[in-house]
Amino acid sequence: MATPLSHLAVPLALTAALGPDLVPPGLMILAIACALLPDLDALGLWLGIPYEHPFGHRGFTHSLTFAVALAAVGSLLAPAVGAQPAIAFWVLLVSAASHGLLDGMTNGGLGIAFFSPFSHRRHFLPWRMIEVSPLSPSELFSWRGLRVLRSELRWVWAPCVAVALAGWGGRSLLG
Ligand SMILES: [Zn+2]
């Protein structure tokens, strides 16, 4: 995985780029949840589900199917958080799908079962420049952790800040 902190970058960038009219705070919280939920499967490692199992880490919960399902369920809550359902669906879909896509750019672990449950084959993207995050939190606070954070700042946060600024700039010009 990339670190949980960096999975926040995409929903936060979308929120900043689209602005509070399209992404009210409640939708932002749902988007953050969608971006983090796929890593719940890491609990399976402690429950004895093997990494390479269809429900193992980077299995079904990292698939595009799961992202669509999360977005569909989450968008039902759109009226409750003051968002338009169609906008909510796309914001949640991009947030949820970004999780597997970012993990697919890491340089370690097994690939991502993007097409689960239709195919359990694991894939990486052609670009694997993100340093893989250790699964144990204690290892994260080490030199290796610093290397991971540096790579995520460069490959995740910097492009997300650029998207946020571009969206914010565009809205300011139009508004
Ligand atoms: Zn993950």
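Please determine whether any residue of segment 71-86 is of a type outside the set (Lys, Arg), away from the ligand (no atom under 15 Å from the Cβ), touching a Ser or Thr at 6+ places or on another chain (Cβ under 8 Å) and within 30 Å of Glu139 (Cα to Cα).
no
Restricting attention to segment 50-67, which residues are of a type outside the set (Phe, Trp, Tyr), surrounded by fewer than 22 Cβ atoms within 10 Å (Cβ to Cβ) and touching a helix residue (DSSP H, G or I) at 6+ places or on another chain (Cβ under 8 Å)?
Once the filter is applied, which keeps residues that are of a type outside the set (Phe, Trp, Tyr), surrounded by fewer than 22 Cβ atoms within 10 Å (Cβ to Cβ) and touching a helix residue (DSSP H, G or I) at 6+ places or on another chain (Cβ under 8 Å), segment 50-67 yields His53, Pro54, Gly56, Leu64.
Which residues, taken from segment 73-101, are in a helix (DSSP H, G or I), over 11 Å from the mean Cα position of the chain (by Cα) and in contact (Cβ under 8 Å) with a residue 12 or more places away in the chain?
Across segment 73-101, the qualifying residues are Gly74, Ser75, Ala78, Ala80, Val81, Ile87, Ala88, Phe89, Trp90, Val91.
Search segment 48-72 for residues that are of a type in the set (Ser, Thr, Tyr) and pair each with any residue that is assigned to a helix (DSSP H, G or I) when their beta-carbon atoms are under 6 Å apart and the residues are at least 6 apart or on different chains.
Matching pairs, first to second residue: Thr61/Pro38; Thr61/Asp41.
List the number of the failed condition for Gly59; all other conditions in (1) within 12 Å of the ligand (Cβ to nearest atom); (2) under 29 Å from Gly170 (Cβ atoms); (3) at pLDDT 95 or above hold.
(2)
Checking Leu70 against (1) part of a loop (DSSP other than H, G, I, E, B); (2) open to solvent by 20 Å² or more (accessible area, probe 1.4 Å); (3) at pLDDT 95 or above; (4) touching a helix residue (DSSP H, G or I) at 6+ places or on another chain (Cβ under 8 Å): exactly one of these is not met. Which one?
(1)
Which condition does Phe89 not pass, out of (1) at pLDDT below 95; (2) open to solvent by less than 70 Å² (accessible area, probe 1.4 Å), if it passes all the others?
Result: Phe89 passes all but (1).
The values are calculated or read from the model by the stated rules, or taken from the named source; none is laboratory data. The structure displayed is predicted, hence computed values, not measured ones. Counting neighbours? That spans all protein chains shown, and the Cβs are built from the backbone with ideal geometry, glycine included. Heavy atoms of the whole protein, side chains included, go into the accessibility calculation; ligands, DNA and RNA do not. Shrake-Rupley method; radii C 1.70, N 1.55, O 1.52, S 1.80 Å.
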